[in-house]
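> Encoded as structure tokens, here's the structure I'll be asking about.
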Ligand SMILES: Nc1ncnc2c1ncn2[C@@H]1O[C@H](COP(=O)(O)OP(=O)(O)OP(=O)(O)O)[C@@H](O)[C@H]1O
Ligand SMILES: [Mg+2]
């Protein structure tokens with residue numbers, strides 16, 4: 001069975017995506033609507049990319065959205081858009097770790113929006129964003145494609161804390177050897193090195209009994 005998304009549902013899904021702060025091109029929004037339908041109804045969504053494009057263009061012509069600064073095909077909230085919500089000091093959601101749902105772009109833009117709204121400097125936003133993408137990529141790559149919990153906050157001491165929780169895909173040693181993870185010449189653990197450089201603290205715990213990986217990192221922000 002597949003779930004057919006009506007125009008009304010489609011517009012309401014796009015509106016709530018925009019309120020969460022994500023930004024992307026038409027195909028990102030299509031992927032995220034499909035992800036939301038999969039999360040809610042455990043079903044594949046049937047939807048028209050043309051309808052998504054039309055609604056985004058309509059919002060742009062009404063002044064709610066603007067084109068991305070670096071990629072004009074991307075849609076971002078206009079500074080006075082009705083989709084901005086009150087600034088929150090924490091955010092929590094879950095994504096599905098399947099690359100066809102465009103989870104990296106989702107987390108990147110939602111996180112950058114959160115940091116910008118909390119007046120974090122552009123330099124710190126870049127560092128946090130790069131490091132977080134390494135962690136999300138791992139959660140998708142080593143996860144079983146199901147839910148990845150994402151949670152982050154900024155406390156009064158200006159410490160940014162992020163945690164991710166994913167289920168671990170069945171370990172395939174042969175596969176790892178083939179792609180060179182254990183070869184002596186390949187550079188290993190580049191992701192963890194990047195994270196250690198850009199975060200103040202990094203911790204990855206493998207919860208063997210639950211077959212889950214729990215990632216936590218912090219960064220002291222400039223005061
Ligand atoms: N979310 C996770 N779930 C399960 N295992 C993980 C997770 N994150 C990291 N790991 C384990 O820790 C190892 C180190 O991760 P790291 O990102 O440094 O390297 P990599 O992903 O193997 O390669 P690279 O990031 O350089 O492409 C991984 O190979 C994997 O075995
Ligand atoms: Mg990695």
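Readers should treat all values here as calculations from the given coordinates under stated rules, not as data from a laboratory. Since we're looking at a predicted model, the values are computed, not measured. Here Cβ is always computed from backbone atoms with ideal geometry, including for glycine, and neighbour counts include all displayed protein chains.
> What percent of all Cα-Cα pairs in the range 1-85 falls in each 10 Å bin, counting up from 0?
Going from the shortest bin to the longest, the percentages are 18, 53, 25, 4, 0.
> Which of 90, 61, 31 ends up with the largest GNM mean-square fluctuation for the chain, with Cα atoms connected below 10 Å?
61
> Mean-square fluctuation check for the chain, GNM, Cα pairs under 10 Å: which of 119, 27, 153 is largest?
119
> May I ask for the angle, rounded to the nearest 10°, between helix 26-41 and the longest principal axis of the chain, with both axes built from Cα atoms and the value confined to 0 to 90°?
Here the helix axis deviates by roughly 80 degrees.
> Please give the contour-minus-distance gain from residue 116 to residue 200: 0.36 nm per residue of separation, less the Cα-Cα distance, rounded to one decimal in nm.
28.3 nm
> Between helix 122-141 and the chain, what is the angle of the helix's C-alpha long axis to the longest principal axis, kept within 0 to 90° and rounded to the nearest 10?
70 degrees
> Okay, moving on. Any idea how far apart residue 60 and residue 12 come out in nm if each label point goes 7 Å out from Cα toward Cβ?
Those two pseudo-labels are separated by 2.6 nm.
> If you don't mind, there's one more thing I want to ask. In degrees from 0 to 90, rounded to the nearest 10, what is the angle of the helix 103-117 Cα long axis to the longest principal axis of the chain?
The helix 103-117 is inclined about 70 degrees to the chain.
> Regarding the chain, what is the average projected area of its C-alpha convex hull, in nm²?
Its Cα hull, projected and averaged over all orientations, spans 14.4 nm².
> Follow-up. Using the Cα gyration tensor of the range 27-72, with a ≥ b ≥ c the square roots of its eigenvalues, what is the shape: rounded (a/c below 1.5), prolate (a/b larger than b/c) or oblate (neither)? Please report the intermediate quantities before stating the final value.
Numbers: a/c = 2.71, a/b = 2.08, b/c = 1.30.
Judged from the Cα gyration tensor, the range 27-72 comes out prolate (a/c at least 1.5, a/b above b/c).
> Over the range 1-140, calculate the relative contact order: mean separation of alpha carbon pairs under 8 Å at least 6 apart, over the residue count, as a percent.
28 percent
> Please report the Cα spread of the range 64-164 along all three principal axes, rounded to whole Å, starting with the longest.
Here the spans come out as 39, 38, 24 Å, largest first.
> On a C-alpha basis, how far is the centre of the range 122-148 from the centre of the range 54-73 in Å? Whole number, if you could?
If you average the Cα positions of each part, the centres end up 26 Å apart.
> Okay, next question. Can you compute the helix-only [θ] at 222 nm over the chain? Use -39500 (n - 2.57) per DSSP H run of at least 4 residues, normalise by all residues, nearest 500 deg cm²/dmol.
So the calculated ellipticity at 222 nm is -13500 deg cm²/dmol.
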